[in-house]
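The structure appears right after this line, and notes come after that.
The values are calculated or read from the model by the stated rules, or taken from the named source; none is laboratory data. These numbers were taken from a predicted model, which means no experiment stands behind them. With ideal geometry, Cβ positions are generated from the backbone for all residues, glycine too; neighbour counts draw on all protein chains shown. The area values use the complete protein model at the heavy-atom level, side chains included, leaving out ligands, DNA and RNA. Shrake-Rupley method; radii C 1.70, N 1.55, O 1.52, S 1.80 Å.
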Amino acid sequence: MTTLVTEHTRPRISESRTGDTLFDAPGPRGRRRIRIATALATLALIALAAFVIRQFAAHGQLSADQWRVYTLAPICRYLLTGAGNTLLVTAVAAALAFPLGGALALMRSSRNAIPRALSRTCTELLRATPLLLLLYLFLFGLPRLGIGLPPFWQLVIPIVLTNAAVVAELVRAGVAALDPGQGEAAESLGLTRWQSMRYVILPQAIRRLVPALVSQLVRLLKDSTLGYVVSFLELLHRAQVLGEYEHTLLSAYLVTAAAFILVNASLAKFADSLERHL
């Protein structure tokens, strides 16, 4: 069956191709429908937020007693210590996961079949294994082997392993997206394969991947909230302990959520600015 292209569709196809768009720009009627749908969705969200706030107030969750505890200096120090632990886990995991992921990506691009197979096997296994399962393996499996790790490393090492697999795929995709002529030109100038990879290919690939790597920090930060599994007192776990002790569990979770949203939004904005700059 053949597809007929009418005179009415032909100009729109050429216009979409020249404008590099995936679909035609909406007309006046389409824009009006979008505005109406946006207004209805906004009203629905406002109504839902008002209902939630009303229910919180009806159950006393918005009373001053629920929030006065966060004005006390010991409580603030307690939560700030948890925030410091969260940032420490994120920083250490990023410092280990990014180089390990880069090494796996380089092994994946090797001409030797053995390191290439090892890298692919490790990457696929780590990507397919849930982080929570790895945490339980480190928590219950290592002691049976006579290996004892502090809670900090029981949390950091599984995070490093899972995120290194993601970083490896990012770097591999960034290298594969470059023009093959870059490496061929470098080798024609007398550089070895690894020299061309180090001085020509990787700098270009990493420069393109900087926004994606910065966004990966957001995942690292959120992965740190699984510290409760290994009894590591990061921010979310400390907020849970505080809420249960002071009977302010909801407000504790809301304060923690606001802190995570602030940090994640800052990282996302930093990634966007880097993407525009690069």
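List the pairs whose first member sits in the range 24-52 and is over 23 Å from Leu62 (Cα atoms), whose second member is open to solvent by less than 80 Å² (accessible area, probe 1.4 Å), and whose Cβ atoms are under 7 Å apart, counting only residues at least 6 apart or on separate chains?
Asp24/Ser16; Ile34/Pro26
So if I check each of Pro143, Pro180, Pro150, Pro203, which one is within 19 Å of Val92 (Cβ to Cβ), surrounded by fewer than 20 Cβ atoms within 10 Å (Cβ to Cβ) and free of Cβ contacts under 8 Å to residues at least 24 places away in the same chain? Spell out the reasoning first.
Details: Pro143 fails: within 19 Å of Val92 (Cβ to Cβ); Pro180 fails: within 19 Å of Val92 (Cβ to Cβ); Pro203 fails: within 19 Å of Val92 (Cβ to Cβ).
Testing whether each residue is within 19 Å of Val92 (Cβ to Cβ), surrounded by fewer than 20 Cβ atoms within 10 Å (Cβ to Cβ) and free of Cβ contacts under 8 Å to residues at least 24 places away in the same chain leaves just Pro150.
Given the criterion open to solvent by 100 Å² or more (accessible area, probe 1.4 Å), at pLDDT 85 or above and at negative phi, identify the matching residue among Leu40, Leu79.
Criteria check complete, one pass: Leu40.
Inspect all residues belonging to the range 249-263 and state whether any of them is hydrophobic (A, V, I, L, M, F, W, C) and closer than 18 Å to Val92 by Cβ.
Among the residues of the range 249-263, at least one is hydrophobic (A, V, I, L, M, F, W, C) and closer than 18 Å to Val92 by Cβ, which makes the answer yes.
Every residue in the range 114-140 that is open to solvent by 90 Å² or more (accessible area, probe 1.4 Å) and among the polar types (S, T, N, Q), please.
Hits for the range 114-140: nothing passes.
If you check Ser231, Ser188, which single one turns out to be in contact with a helix residue (DSSP H, G or I) (Cβ under 9 Å, 6 or more places away or on another chain), surrounded by fewer than 22 Cβ atoms within 10 Å (Cβ to Cβ) and of a type in the set (S, T, N, Q)?
Step by step, each of Ser231, Ser188 is checked, and only Ser231 is in contact with a helix residue (DSSP H, G or I) (Cβ under 9 Å, 6 or more places away or on another chain), surrounded by fewer than 22 Cβ atoms within 10 Å (Cβ to Cβ) and of a type in the set (S, T, N, Q).
Scan the range 222-241 and report the pairs whose first residue is on the phi > 0 side of the Ramachandran plot and whose second residue is surrounded by fewer than 20 Cβ atoms within 10 Å (Cβ to Cβ) and part of a helix (DSSP H, G or I), with Cβ atoms within less than 7 Å and a gap of 6+ or a chain change.
Ser231/Pro151
Looking only at residues in the range 247-274 that are open to solvent by 40 Å² or more (accessible area, probe 1.4 Å), at pLDDT 80 or above and of a type in the set (Ser, Thr, Tyr), which one is nearest to Val52 (Cα to Cα)?
The residue in question is Tyr253.
Which residues, taken from the range 128-148, are part of a loop (DSSP other than H, G, I, E, B) and either within 24 Å of Ser215 (Cβ to Cβ) or hydroxyl-bearing (Ser, Thr, Tyr) (or both)?
Thr129, Pro130
How about the range 118-144: which of its residues are among the hydrophobic types (A, V, I, L, M, F, W, C) and either at pLDDT below 85 or under 20 Å from Val166 (Cβ atoms) (or both)?
Leu118, Cys122, Leu125, Leu126, Ala128, Leu131, Leu132, Leu133, Leu134, Leu135, Leu137, Phe138
Examine the range 56-66 for a residue that is surrounded by 15 or more Cβ atoms within 10 Å (Cβ to Cβ) and either in contact with a His (Cβ under 6 Å, 6 or more places away or on another chain) or hydroxyl-bearing (Ser, Thr, Tyr) (or both), and state whether such a residue exists.
no
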